[in-house]
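Student: First, the structure itself, so that you have it in front of you.
All of the numbers you see were taken from the coordinates with simple rules; none came from a lab. Just so we're clear, the structure is a prediction, and the values are computed from it rather than from any experiment. We place every Cβ from the backbone using ideal geometry, glycine too, and count neighbours over all the protein chains shown.
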Amino acid sequence: MAVERTGKDTAVLARNQFFYLRNRTDTGIVKTVVGPAVADPNQQEEPIVWDATTRTFRSAALLEAIQTFPEARKGAYVRLLNPAVDGKQPGRGSTNEPDLLVGREVNIHGPWSQALHPGQSAEVIPGHLLQRNQFVLVEVTDEEALRKAWADVVFKKVDAKDGEQSGERNILTELADLTGEEVTDVAEGRRFVIPGTKVSFFMPPTGMRVVSDDTKTDRSRYVRDANTLESQEYAILADQSGQKDYRYGPMVAFPRPTAKFQEYKGSKVFRMPEVNKLQGIYVAVVAPFVDEGGDYGDEGVAYEAGQELFITGSSETKTRIFRPRPELHLVTYNGVSKHFATAIPKGDGRYVMKRHEGDVVTVKGPKMLLPDPRTEVIARRVLTDKQCELWYPGNQAVLAFNRALRAVEQREPTTRAGVVSEESFLRSAGKGPTRTVQAATFSASLEASEDSSLRAMGVGATNQPIEAVGDSIERAGTYTQPRTVQLGESWGVPKIDIHVGYAICVTDTDGNRRVEVGPQRVLLAFNEVLQVLMLSTGKPKTTDTFYPTVFLQVGANKVSDIIAAETSDHVLVNVKVSMRLDFEGSTPDERMRWFAAENYVKLVCDHVRSVVKGALRKHTVEAFHAEAEDIVRSAILGAKVEGTPRTGMKFETIGARIVDVDVLGIELGNKQIAALLQSAQQRTVERALSLREASAQLDADKRTEVLERERASTLAETEAHAAALAADALERRMTTAAAEAQAEQARFGYQAQAAQAREAVADIGATAQLARELNEADQQLSIDGARQTLALAGLSAETTSIVDRFKAGQGTLADALLALRDASIQEKVAQALGPAAFIGGKTLPDVLQSIFGSDPLGKIFAQVGKGNGTNGHAVSAAAPA
């Protein structure tokens, strides 16, 4: 499409500028105008531009169509596409388009700067400067042209000296020298790698081009970076033929022209995995090889295809750095490739199942367990609900965990009965490793992140696959060793914590038994269980309800029971006792007797009942009621000997002894007899309380009188002392008055005589008053003494009367009560001796005489009434008690 012009366009071209003009006539000739010149297109000509991308011409304004010469300085080259047949470029002025070698390209080394013919394109490329860890990939595009132009190749060897000549220019020899590989031909399409360790500068001749890296867009896209491998690093070179080459550091790894480095997660360099005593890698030999360096075991060992190796750092002779190689493929289970040791703290353990033998062994801590995945599997033992309740009473977490294990056991057809592998459980719970490593991945770096949900179940961290490039064998097995780093509770081996004063009996499938006594922790082997005791419960102990347990309390064991027995007078008695039972023995045989009886509680209670029943048949109910505790304790613990403890009741069969008995209560089967015994006991207590109260009252009265006497004496002393003080005061006043009177008499004679007379009169009055006061005090003392004498005499007479009244009933009344042993007489007496019988002032003999009438007992009570006289009143007063 032509460009509209409003006027004549004119442009001036500099020395390094050019543009294309196309004739609009039928000829369509395109000519090149090269400066310096003045561009003055006519009406039949239009400026155009060559688009090398679309390979078409397009119309453009004159100024837009002007282009600058491509310029390659020294050390750079131009890749010219579609060169002219004659090899010439447009000169100054106007030049028609020549014939081009379409599809050909030539490399022109700088310095160079010329105009381009229509249809040509040129790319200026700087010469390739190579560091030692860089390289260029070159490709032969035209073998014939390459052989002709090889003399134009420009390169600088790394180890070349100044002025050194290359000698004869043989393309094959020099290419082999530049690439470090044998070169047999330079056929078109053949590629070569020119490393920076051989060549520091390179520019290709015609017939060869440097292949660009499509991943780069800048000018450095032609120079590629090699893999710099440090110590313990490696790279994998995969060839188009399927062969793989492992390169180990430290080195600079250059690829072959037909191979490329495998890449994983954006990296082409991988670190060799470290192994130690707590880590291992499981590999399979897929091709025979000889371990010349001792990297996988002993030096010089030949390995055959099909062998499997578990490589660890378990000894100094084995490698601590695993070197991957093509003959070894990593064996992974569900993406897990590196195995870690499981921490077993002291007091803990794990089950390890031998895969080939089927045997299960117990590994106890403290230990770091690294099982060999080829022959060993860490397993979990599955407990029944009953075992969980007995071995871990009240622990709901253990119960729920083992139910989950049983669910896994049912879903895993390859699982041995009663055993669940570690990986099976984790996989079923959705916590195990689920990623599958592809066939082109090998292990190089480890992601050891911990998973909190696994730690809660006793598995400290998951096994992450060692991520890198290589070969692996994915096996969908049922077990992969977990990485366990938590030192807390785990459910691998049942741990039985025995507290102080308890014991358990451990039995196995071979019939072996042993007794373990606390405090300690016992780890059960896979074929070991605990003996269950079925203990009777309730009071009295029966076989209706049992308490199952595996823990035997060997010290301070309390056993309570209710014993039903009869006394010698056929009265049913229920005795509630609490016995302390101790198990004796220190040797294994003696301790084994502790578990000889499944229900030792019933055994002990039955024997104690028999002994207590026999002892109660020797005593009346009244005697037993009075000495119940001593009778029961003597029957069970033996007779008490002064200065020595009771021997206790020993049970040889179970190695136990009852060392103490506490009688908690006694209940009589006949309620009437129980009421009579209680009433008699109550009356006895009341009498004792009455006597105690009378004695206390007498002591109080005596003390009161003594205090009264002391008070009277004190008052008399006080009054006498007051009189003496008054006399002393009077005497002092008289002395003073006499002195004053004598002085007055000296001055006033008359007044002295009058004062002397007044003082004499005063002395006479004072003496009389003092005499009267002394006489009144003596009379008051006499009256108080007489009153006290009368009070003491009355108190003495009353005390004598009370004592005589109590003595009066001791003779004949006691004889009468002996006759009351007959049951029928007792019933009459109990009915008659009511409160109404004593209304009206009747005495006890009167009431009893009215009950028995003319019977012998009536006569006896009549004589008692007559013989006692007034004492009958005393008996009547005491009877209601």
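Student: When ranked by the protection proxy of mean other Cβ atoms within 10 Å per residue, highest first, what sequence do the peptides 241-253, 112-124 form? Walk me through the intermediate numbers first.
Tutor: Values: 241-253: 15.5, 112-124: 19.7.
My ranking of the peptides, most packed first, is 112-124, 241-253.
Student: Starting from 0.36 nm per residue, how many nanometres of slack lie between Lys558 and Thr684 once their C-alpha separation is accounted for? Please report the intermediate quantities before stating the final value.
Tutor: Working: separation 126, 0.36 × 126 = 45.36 nm, distance 3.65 nm.
Gain on stretching Lys558 to Thr684: 41.7 nm.
Student: While we're looking at this one, here's another question. May I ask which of Lys216/Lys268; Lys541/Lys613; Lys613/Lys640; Lys148/Lys260 have a Cα-Cα span longer than 22 Å here?
Tutor: On the way: Lys216/Lys268 17 Å; Lys541/Lys613 16 Å; Lys613/Lys640 19 Å; Lys148/Lys260 31 Å.
Violating the 22 Å Cα-Cα cut-off are Lys148/Lys260.
Student: Please list 65-78, 268-281 highest first by mean number of surrounding beta-carbon atoms within 10 Å per residue. List each step's numbers first, then the result.
Tutor: Numbers: 65-78: 17.7, 268-281: 20.0.
Ranking the peptides 65-78, 268-281 by packing returns 268-281, 65-78.
Student: Report the full-extension gain for the segment Gln520 to Thr644: residue separation times 0.36 nm, less the Cα-Cα distance, to one decimal in nm. Can you show the working numbers first?
Tutor: On the way: separation 124, 0.36 × 124 = 44.64 nm, distance 3.54 nm.
Stretched out fully, the Gln520 to Thr644 stretch lengthens by 41.1 nm.
Student: Please compute the length gained on full extension between Ala768 and Arg374, using 0.36 nm multiplied by the number of residues separating them and subtracting their Cα-Cα distance.
Tutor: That pair, Ala768 and Arg374, stretches by 127.9 nm at full extension.
Student: Further question: At a Cα cut-off below 14 Å, give the aspartates and glutamates reachable from Lys31, other chains included and same-chain residues fewer than 8 away excluded.
Tutor: Candidates past the 8-residue exclusion: Asp40, Glu45, Glu46, Glu97, Asp99.
Student: Read phi for every residue in the stretch 519-529 and hand back ³J(HN,Hα) as whole Hz from Karplus 6.51 cos²θ - 1.76 cosθ + 1.60, θ = phi - 60°, with x for Gly and Pro.
Tutor: Ordered by residue, 3J(HN,Hα) equals x, 5, 10, 10, 9, 8, 5, 5, 9, 10, 9 Hz.
Student: Taking the Cα-to-Cβ direction at Thr10 and at Asp40 and moving 7 Å from each Cα, how far apart do the two end points lie in nm?
Tutor: So the label points at Thr10 and Asp40 sit 0.6 nm apart.
Student: Over the stretch 11-120, what is the relative contact order in whole percent, taking alpha-carbon pairs under 8 Å and six or more residues apart?
Tutor: Working: 249 pairs, mean separation 33.2, N = 110.
Relative contact order comes out at 30 percent.
Student: Could you tell me which of rounded, prolate or oblate describes the stretch 214-259, using a ≥ b ≥ c as the square roots of the eigenvalues of the alpha-carbon gyration tensor, with rounded for a/c under 1.5 and, failing that, prolate when a/b is larger than b/c and oblate otherwise?
Tutor: oblate
Student: Just order 617-623, 368-374, 690-696 by mean Cβ neighbour count inside 10 Å, highest at the front, would you?
Tutor: On the way: 617-623: 15.3, 368-374: 18.4, 690-696: 11.0.
Going from most to least packed, we get 368-374, 617-623, 690-696.
Student: Checking the a/c ratio against 1.5 first, then a/b against b/c, what shape does the Cα gyration tensor give for the stretch 127-256? Each step should come with its number before you reach the end.
Tutor: Working: a/c = 1.62, a/b = 1.41, b/c = 1.15.
Prolate, since a/c reaches 1.5 and a/b exceeds b/c.
Student: Further, regarding this structure: Students often forget the sequence filter, so: which aspartates and glutamates lie under 15 Å Cα-Cα from Lys650 once same-chain residues fewer than 8 apart are removed?
Tutor: Once the sequence-local aspartates and glutamates are set aside, what remains near Lys650 is Asp582, Glu584, Glu590, Asp606, Asp660.
Student: Counting only residues 5 or more places away or on other chains, whose amide H sits under 5 Å from the amide H of Ala253 once H atoms are built in the peptide plane?
Tutor: Correct list: Asn227, Thr228, Leu229.
Student: In the stretch 241-264, which residues have a backbone nitrogen under 18 Å from the label point lying 7 Å from Ala176's Cα in the Cα-to-Cβ direction?
Tutor: 257
Student: Grab the other residues whose beta carbon is less than 9 angstrom from that of Pro548, score K and R as +1, D and E as -1, and report the net.
Tutor: Numbers: positive: Lys386; negative: Glu389.
Combined, the nearby Lys, Arg, Asp and Glu give 0.
Student: Starting from the Cα of Lys277, draw a straight line to each of the aspartates and glutamates and keep only those under 14 Å, dropping any in the same chain fewer than 8 residues away.
Tutor: Filter leaves Glu316, Asp372.
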